[in-house]
Every structure is written in C-alpha cells, then in structure tokens.
Amino acid sequence: MTKHLPPDTPVIVAFMIDGRPMAVNGLCIAEEPLKIFTKDLRTQDIKYPQSVVLVWHREETVMKGEADAVSVEPYKAGFVLSIERTHVAEVDRRVYPRYPIETSVSIRSVCDMKGSQVISLSQGVTRDLSMGGAWVDVQPVVTMGSIVEFHIKVDGEEMSALAMVAHDNPNRGVNGLEFIDFYGDSRDRFLAYLERAMKAA
C-alpha cells in the first residue's frame, strides 16, 4: 500500500449495509497495516468484517481499492478503521455513450462541518445518463470533487452507485457525475434499464 495510499490522504470508505450504500469520510493515518481515521459515529454500529470500496485522489488520478474493513476502535476524537486485503486500481474513466433520459434521482453526500459528519441529500432530475455517469439538474448543488452516493429507482427497484462530482454549476443548478463503482447487481440492472429506455425512445 505504500505507493498507493500514503498517510494524510483523505479517503472515502464505502460500505454496503443491509443492501444500501453508506459512504464514510476518513483520513489515512498509517499504511502498513492500513488504518483510516474517521469521526463518523455510524462506524460503531457496523458488524465487522465488511467488504468496502476505498476511493481517493492521487494527483489527477482517481484511485479505487476493494478491501475488507476488519475492525473499528476509538481513537482520539473519533475512530480508527483497520483495513486488510486491498486491491487497488485506477477508476475506469472511459467515455460511454450518453442517452437523453430524464428520471428522478437522489444524491447523498457526507461532509465535515465543525468537526461533525453532516449528511446532505439532494434531489434532482437527470438530463442524460450513461454507464459512466450523469448530468443532473439538482438542488442543492454538490461541490465539485465530492464523493457521493447516487440513487435511482426504476420499476420500484433502487439502483445505487458511488460517484464523483466532476462538474458543478450552482448558478444553473447542475451537477456532472462520474460513476466510480456500482453496488451489488446495480451495474447489470442499470445497463438493462438504459437499453430498455433507448429502445422505447
């Protein structure tokens, strides 16, 4: 992990709890073994070990690691997650065909405010969708560079992805999202949804 996730690197730890994604903001404080500090109280209530996705920036590159969170312990004003068996790769940022599909979505973000974790939920409507991301008319707009949970409901079933906010335009109320990872079988169901939507267009 030395060359991939050095100490003092901000990192998102994404859990899947009871079928729903949960993103936790953290800071790498040790790399061998990997330790991540967080102030998120929700980490106390998780049953470990848990499979997680780690997301962080390395210069201009967005990195993703699949790993196991094996335990959490109190540490100073927060908690430390112990992480094992991390497989690291660059996020796939290929350009996929975008389709002009309008549908309701929600964007959930977690940010630090005055030392506390604050959860923000934005509601919006997509301008277009692809396997790589989405343009969304949304209020409130989420700050560029944020890592968020993207939720879309189709035929009564929710599909979820971890995404990075690649563009923001508060004046126009628009966010551009890049998908980092899909949860569970959401990727296959999302692809099938796009194919059905385009055939019906």
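A few points about this structure:
- For the residues Arg93, Arg58, the requirement of being under 22 Å from Asp188 (Cα atoms) and modelled with pLDDT under 85 singles out Arg93.
- Met131, sole failed condition from (1) surrounded by 15 or more Cβ atoms within 10 Å (Cβ to Cβ); (2) part of a loop (DSSP other than H, G, I, E, B); (3) at pLDDT below 90: (3)
- In the set (1) in contact with an Asp or Glu (Cβ under 9 Å, 6 or more places away or on another chain); (2) crowded, with 17+ Cβ neighbours inside 10 Å; (3) modelled with pLDDT under 90, the condition left unmet by Gly124 is number (3).
- For Thr9, the conditions (1) closer than 14 Å to Gly65 by Cβ; (2) in contact with a Gly (Cβ under 8 Å, 6 or more places away or on another chain); (3) modelled with pLDDT of 90 or more all hold with the exception of (2).
- Sole residue being at pLDDT below 90 and aliphatic (A, V, I, L, M), chosen from Ala30, Ala23: Ala23
- In the range 25-47, the residues that are under 20 Å from the mean Cα position of the chain (by Cα) and assigned to a loop (DSSP other than H, G, I, E, B): Lys39, Asp40, Ile46
- Qualifying residue in the range 1-13 (condition: aliphatic (A, V, I, L, M), over 15 Å from Val72 (Cα atoms) and out of contact with any Asp or Glu (no Cβ under 7 Å at 6 or more places or on another chain)): yes
The values are calculated or read from the model by the stated rules, or taken from the named source; none is laboratory data. Worth saying up front: this structure is predicted, and the values here are computed from it rather than measured. Positions of Cβ are generated from backbone atoms using ideal geometry, with glycine treated the same way; all protein chains shown enter the neighbour counts.
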